[in-house]
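This report concerns only the one structure given below.
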């Protein structure tokens with residue numbers, strides 16, 4: 001089969017014919033219909049410090065996907081041949097203390113599809129049945145591969161109730177854009193989005209942002225305070241992983257407010273805990289992955305009901321062998337979510 005490989009410890013991917021994946025007794029074989037590029041895939045392509053310390057080539061990359069089940073192991077009970085499935089990319093052990101307490105997103109023995117195991121940028125992929133999500137027929141197929149990052153957005157937004165709240169989203173990349181849509185659906189009264197890309201900010205408007213700010217062109221703090229009667233926002237969602245954005249998010253959240261952190265920072269960050277957190281009695285949530293499978297049910301219902309329209313976030317679609325075109329486009333910050341079709 002055709003697959004996108006991280007073949008060597010160097011920059012880039014290669015596309016090669018590789019053997020079809022085998023399946024174990026508890027696994028399913030999926031014919032991939034659609035996949036989507038994640039920032040993690042870009043990091044692996046670029047061979048940054050994180051990738052060098054985590055990835056062991058050769059590896060089939062890619063983790064966001066959906067497709068049809070074409071074979072299954074003898075112990076598979078819940079999933080049937082012909083089902084159209086997506087996958088929870090956090091492959092959990094199901095026996096550590098975190099799994100037993102239903103926090104499988106932080107399993108102590110976690111493996112990630114397309115990072116620690118062969119992934120989905122291929123014509124076929126094998127996954128354990130336990131991480132398969134059978135998609136409702138009401139969801140358009142082109143939306144099914146982005147449920148995994150949409151789950152990130154849902155958990156970031158809904159760490160607490162946002163109804164009737166003012167919300168600041170720092171970082172309007174694909175997950176930030178999805179978070180804007182989720183915040184709108186769940187009743188946020190004013191959504192302010194900041195990003196360094198005017199292209200992303202135009203998409204933010206389409207997803208429901210009331211105010212968009214490019215910090216290179218406007219004073220973010222002045223605009224946010226003006227929009228919130230000088231008090232700051234009730235909720236800040238940090239999606240960018242930029243240190244300056246974190247400082248802004250903390251400073252611009254009002255007393256007794258809430259901050260959710262999804263963006264990943266390259267190294268240590270110095271913040272003013274005394275003034276920006278402790279004296280303001282802020283509540284801070286670190287978000288990783290999704291709640292398995294509670295968040296998936298929310299995501300699936302949002303898409304199946306058409307309450308949330310994610311179509312503005314999907315800006316480009318390419319053939320699988322055009323993956324490099326998609327990677328390079330993402331690096332220009334002139335795209336939203338990019339889909340790939342084997």
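The values are calculated or read from the model by the stated rules, or taken from the named source; none is laboratory data. These numbers come from a predicted model, not from an experiment. All Cβ positions, glycine included, derive from the backbone under ideal geometry; neighbour counts span all protein chains shown.
See the values below:
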{"quantity": "When residues of the stretch 330-342 are limited to those that are within 18 Å of the chain's Cα centre (by Cα) and under 18 Å from residue 34 (Cα atoms), the one surrounded by the fewest Cβ atoms within 10 Å (Cβ to Cβ)", "calculated": "339"}
{"quantity": "Matching option when the condition is assigned by TED's automatic domain parsing to the domain that holds residue 164, surrounded by fewer than 21 Cβ atoms within 10 Å (Cβ to Cβ), under 18 Å from the mean Cα position of the chain (by Cα) and under 21 Å from residue 150 (Cα atoms), among 237, 203, 264", "calculated": "264"}
{"quantity": "Residue match in the stretch 269-283 (condition: within 22 Å of residue 177 (Cα to Cα) and in contact with a strand residue (DSSP E or B) (Cβ under 7 Å, 6 or more places away or on another chain))", "calculated": "no"}
{"quantity": "Selection count, the stretch 1-21, where residues are in a loop (DSSP other than H, G, I, E, B) and touching a strand residue (DSSP E or B) at 6+ places or on another chain (Cβ under 7 Å)", "calculated": "6"}
{"quantity": "Tally of residues being more than 18 Å from residue 177 (Cβ to Cβ), touching a strand residue (DSSP E or B) at 6+ places or on another chain (Cβ under 7 Å) and either surrounded by fewer than 16 Cβ atoms within 10 Å (Cβ to Cβ) or at pLDDT below 95 (or both) across the stretch 296-329", "calculated": "3"}
{"quantity": "Selection from the stretch 22-31 of residues that are surrounded by 17 or more Cβ atoms within 10 Å (Cβ to Cβ) and part of a strand (DSSP E or B)", "calculated": "27, 28, 29, 30"}
{"quantity": "Residue match in the stretch 159-177 (condition: touching a helix residue (DSSP H, G or I) at 6+ places or on another chain (Cβ under 9 Å) and closer than 15 Å to residue 35 by Cα)", "calculated": "yes"}
{"quantity": "Subset of the stretch 161-193 (residues that are in contact (Cβ under 8 Å) with a residue 40 or more places away in the chain and in a loop (DSSP other than H, G, I, E, B))", "calculated": "162, 165, 171, 172, 173, 188"}
{"quantity": "Residue check, residue 286 out of contact with any strand residue (DSSP E or B) (no Cβ under 8 Å at 6 or more places or on another chain) and closer than 20 Å to residue 149 by Cβ", "calculated": "no"}
{"quantity": "Any hit, the stretch 7-21, residues being closer than 21 Å to residue 296 by Cβ, modelled with pLDDT of 95 or more and touching a helix residue (DSSP H, G or I) at 6+ places or on another chain (Cβ under 6 Å)", "calculated": "no"}
{"quantity": "The stretch 212-233 - residue that is crowded, with 17+ Cβ neighbours inside 10 Å and within 23 Å of the chain's Cα centre (by Cα) and, of those, farthest from residue 248 (Cα to Cα)", "calculated": "212"}
